[in-house]
Structures are given as C-alpha cells and as structure tokens.
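> Have a look at this one before I ask anything.
The values are calculated or read from the model by the stated rules, or taken from the named source; none is laboratory data. Computed from a prediction, not measured in an experiment: that's the story for all the values here. We place every Cβ from the backbone using ideal geometry, glycine too, and count neighbours over all the protein chains shown. The protein model used for the area step is the full one, side chains on, heavy atoms only, and it has no ligands, DNA or RNA in it. Shrake-Rupley method; radii C 1.70, N 1.55, O 1.52, S 1.80 Å.
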Amino acid sequence: LVERRGHVLLVTLNRPEARNAVNAKAHVALGEALEEAEADPEIRCVIVTGAGDKAFCAGADLVALSRGESLRPEDPAQAAWGFAGFVAHPISKPVIAAVNGFALGGGTEIALASDLVVAADSAKFGLPEVKRGILAAAGGAFPLVQQIPQKQAMEMLLTGDPITADEAKALGLVNQVVPLASLLDAAFALAERITVNAPLSVQATKRIALGIEDGHLPGDDPLWERNARETRAVFTSEDAREGPKAFAEKRAPVWKAR
C-alpha cells in the first residue's frame, strides 16, 4: 500500500496473512515505491512499515518458495534492487523503517538498509538463518557489523538469537522505541523534523554520508560479491537442506558441515 501524506510517502507491506513475508510481487511493489519517491520532488521522506500488529516482515516467503515460485522478479533491473526491492536500492530521500512487530531475517535486513528506525516496544530483531543451515544472504552480515559494535553484532550473527527493541536501541540499531499505538505518529514526527529542512540539502547530505552515486553504493560492491560467493557455497550444502527439513519435522537438525 502506498499513501502520500504531505511530503511523506508511507509504504506498507500488506501481507499480514503471511506475516508480511516478501514474494516477487512484494519485491516489485516496494522497489517501485522507492522509484516513485525518488522521482517526485514533492516527496522528501519515505516511511516503510508492515500491516497488522504482529510482524514488520518475516523475511522471504518460504511458502511461495516451496511451491517453486521465484522470489526475484524476471526483470534484471528490478532484481538488482536486492531483497524486497529494497536492500540494494539506495535512494536520496531519507527512509524511515517503522517496525511494528518482529523483524527477523529479511525484516532486520530491511531495517539495516533504512536510514532511521522507529520500533514498537514489542518489536524484535534478529538474523536466525544460521539455525536453519543458511545465512543472512540479503545483506545482513556486513551492515550489522558496520552499524553496531562488532562483538554484539557477532553474537547476533553467530547465535541467531533475537534481541528486543530496547536492546536494539541500546546498540544503536534503533533510533526510538515507542508503544505500538504511537508507532506511526512517532515515525511521521521524525519525518517532519527532516522534511522542514531544505530537500536538496538533505538529499545531498545523505548521498555524501553513505557514498551513493547514481542510485548505487559502489563501496559495497566487494562486500556483495563476497556475500554472493559465500551464499552459493552455503545454500548448495547438505546442511542447507537439513535445516529447513528439520524445522518442518519439528526436530533438532543434524549438521554434517558439508
């Protein structure tokens, strides 16, 4: 869902029945919303949230994947936007994630790719992929180590255990923690503090701070290349098949390190 409120574009992942998990359609819709925001001079800030009060985003739609559906669109330009049409799709307009519930896996990766995060006090963040024999392939590992202290980032990455919204704020992953009922009000209040400023100044400042060039982060290219190499190796392993199977069978996985 896309809604304009003054100079702010509110984008809502609207799949509450699937915990706002991302399939190819959601990928394209969110990516196109960012393109719309970037192209419109009247839009000065974007807020991304999830429908309902349980989940911000549960990551990739594994049900769709189990049916043989691709989670990536066929269009190469849209596929290049990264997971959810978002994580490798930097725009000049500031983006606020309004995290309304648990943000695990891809949900945390969306938060990491946002400029600012306002979280409901019930929200949780985590990258549990190692518990399933896979890894946080949508840009989870390297941004987390960049954005919070390394030791705490490594604990999250290597244990796969989630943290609360308050813990995330203490680590600097979240800007504000508010009651769920106040979440969007807090996100719009933060957006208003940005949109009162000169838009060209704000956008240039963001590009300088993050190193954005022509809608791209060239400094991240070596990190994405390493991410892709490691992902191919892990996702084709026996353990990557064992993890989801054990989860579906409600048993502890038996890892073979191959």
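> Kindly indicate which of E155, E249 is more than 22 Å from the chain's Cα centre (by Cα) and either surrounded by 11 or more Cβ atoms within 10 Å (Cβ to Cβ) or at negative phi (or both).
Working: E155 fails: more than 22 Å from the chain's Cα centre (by Cα).
E249 is the lone residue from the list that is more than 22 Å from the chain's Cα centre (by Cα) and either surrounded by 11 or more Cβ atoms within 10 Å (Cβ to Cβ) or at negative phi (or both).
> Looking at the range 13-34, which of the residues that are polar (S, T, N, Q) and over 13 Å from the mean Cα position of the chain (by Cα) is nearest to A187 (Cα to Cα)? Step through it out loud before you land on a result.
Initial filter on the range 13-34 (polar (S, T, N, Q)): 14, 20, 23.
Now narrow it down to the ones that are over 13 Å from the mean Cα position of the chain (by Cα): 14, 23.
Working: N14: 18, N23: 26 Å.
This residue is N14.
> Now for a different question. The conditions are (1) over 30 Å from H7 (Cα atoms); (2) free of Cβ contacts under 8 Å to residues at least 40 places away in the same chain; (3) in a helix (DSSP H, G or I); (4) open to solvent by 100 Å² or more (accessible area, probe 1.4 Å), and A233 fails exactly one of them. Which is it?
(4)
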